[in-house]
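Report on the following structure.
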Amino acid sequence: KEKLINNAITALLSQEGDTAASNAELESQFQAVRRLVASKAGFLAFTQLPKFRERLGVKVVKALKRNNDGVTHASIDMLCALMCVSIKF
């Protein structure tokens, strides 16, 4: 399970907010990352996967530059999920 979550997170972050992605697609990517980091394995990936935080930061900055309310909300909501750990270890 942990390997699948890590692979999914890596795949979502590899796109880094490409300009080719539509706003709806980018919003969906942030929602998926939010759900993945809500699990124990997903949150551990945030602390353990190399360059996770860096790639996530780049993706968020590029998303915020789009000036789209849906994308902005999804990216900030995902960041809030990382700051409010509610995982029962």
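The values are calculated or read from the model by the stated rules, or taken from the named source; none is laboratory data. Just so it is clear, the structure is predicted and the values come from calculations on it, not from any experiment. Here Cβ is always computed from backbone atoms with ideal geometry, including for glycine, and neighbour counts include all displayed protein chains. The accessibility values were calculated without ligands, DNA or RNA, using every heavy atom of the protein model including side chains. Shrake-Rupley method; radii C 1.70, N 1.55, O 1.52, S 1.80 Å.
Beta carbons closer than 7 Å, at least 6 apart along the sequence or on distinct chains, pair a first residue in the range 41-57 that is under 15 Å from Leu79 (Cα atoms) with a second that is among the acidic types (Asp, Glu) and at pLDDT below 85 for Arg55/Glu16. Determine, yes or no, whether Ala32 is part of a helix (DSSP H, G or I), open to solvent by less than 20 Å² (accessible area, probe 1.4 Å) and among the aliphatic types (A, V, I, L, M). No. Reported count of residues in the range 38-76, each being within 12 Å of Glu27 (Cβ to Cβ), touching a Phe, Trp or Tyr at 6+ places or on another chain (Cβ under 7 Å) and not hydrophobic (A, V, I, L, M, F, W, C), is 1. Restricting the range 1-22 to residues that are polar (S, T, N, Q) and surrounded by fewer than 16 Cβ atoms within 10 Å (Cβ to Cβ), the residue that is nearest to Ala74 (Cα to Cα) is Ser22. I'd like to check something: does the range 39-52 contain any residue that is surrounded by fewer than 16 Cβ atoms within 10 Å (Cβ to Cβ) and either modelled with pLDDT of 90 or more or under 11 Å from the mean Cα position of the chain (by Cα) (or both)? Scanning the range 39-52, I find no residue that is surrounded by fewer than 16 Cβ atoms within 10 Å (Cβ to Cβ) and either modelled with pLDDT of 90 or more or under 11 Å from the mean Cα position of the chain (by Cα) (or both), so the answer is no. The residue that is farthest from the chain's Cα centre (by Cα), among those in the range 53-71 that are buried (at least 17 other Cβ atoms within 10 Å of the Cβ) and β-branched (Val, Ile, Thr), is Val71.
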